[in-house]
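Read the structure below first, then the notes.
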Amino acid sequence: MPAESLSWRASLGAALALSVGCSPLIVLGDADDTGCLDTGCVGVQSGSGGEVAVGQGGAGPLGAPGCRPAAVDRSCDGLNETCEPTAADQGCSDGCKGSYVQGTSYMACLAGADFDQAEAACQANGMHLIKIDSALENQTVLSLALDDYVWVGGSNRDDPNVFTWLDGTPFFSSGAAVGDAYENFGSGEPAQDQMLRCLQLRRSATGTWSNWQCSGKQSFVCERY
């Protein structure tokens, strides 16, 4: 694995401490972690797939994937503490909004976060930066985005010729979509610049995508998947 890939993956652990609205984020926890001081914070446990949020993890009732009833709502996911859809999500930190759309939980945050900080904030709520699988989901991001530019969960950090989602799924390679994968790069995108490795979506440009420097500070949208 390239050294850069190891570096950015390792940096996520440090970025967890900068998650939106958490002081502090407890990295090791359980379903009723009393060390989580603020709403929007959860205890997480490390697993083979990286940091995995618990507290509202597991499969809940009402067909809400990733939600488990809890005494207190700690996740900004459009669901309340009993895993029922709600428009007044008590698990959201200031500047973030949870939504439950067509069976999927999302969190949109108006925050100045770089790509890794944004992913860490998503993980603190049992999510990842959004993986956009279709034109319909791209429209969902447009409706949820709280600013013009938002981070979404794609990059070409592991291979400059291949864009992948954070779960490792490739969706764009050598100037074209991979198989039947969805992509929505704007005209002239992605830019052929090794400094621009992380994927952003622009709301005012009908949701087209472009690559930008991962250290840039902007808002973001998360998804539970």
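Here the simple spin-label model places points 7 Å from the Cα toward Cβ, and for Thr82 and Gln213 these points are separated by 5.0 nm. Restriction of the trypsin sites (Lys or Arg not before Pro) in the range 117-225 to DSSP coil positions whose beta-carbon has at most 14 other beta-carbons within 10 angstrom yields Lys217. Just need the relative contact order of the range 62-220 here, percent rounded to a whole number, with Cα pairs under 8 Å and 6+ apart. RCO, the range 62-220: 21 percent. Here each label is just a point 7 Å from Cα along the line to Cβ, and for Gln102 and Ser187 those points are 2.8 nm apart. Averaging the sequence gap over all C-alpha pairs within less than 8 Å and six or more residues apart, then dividing by the number of residues, gives the range 152-225 a relative contact order of 26 percent. If R0 equals 25 Å, the separation of the Cβ atoms of Met195 and Gln139 corresponds to a calculated FRET efficiency of about 0.25. Here the residues Leu79, Leu144, Leu136, Leu110, ranked from fewest to most Cβ neighbours within 10 Å of their Cβ, fall in the order Leu136, Leu110, Leu144, Leu79. From least to most packed, judged by other beta carbons within 10 angstrom and beginning with the fewest, Asp167, Asp73, Asp180 follow the order Asp180, Asp167, Asp73.
Here the residues Glu119, Glu189, ranked from fewest to most Cβ neighbours within 10 Å of their Cβ, fall in the order Glu189, Glu119.
Rule-based calculations on the coordinates, nothing more; no lab input. Quick caveat, the model's predicted, so the values are computed rather than measured. Here the Cβ is made from the backbone with ideal geometry for all residues, glycine too, and neighbour counts use every protein chain on show.
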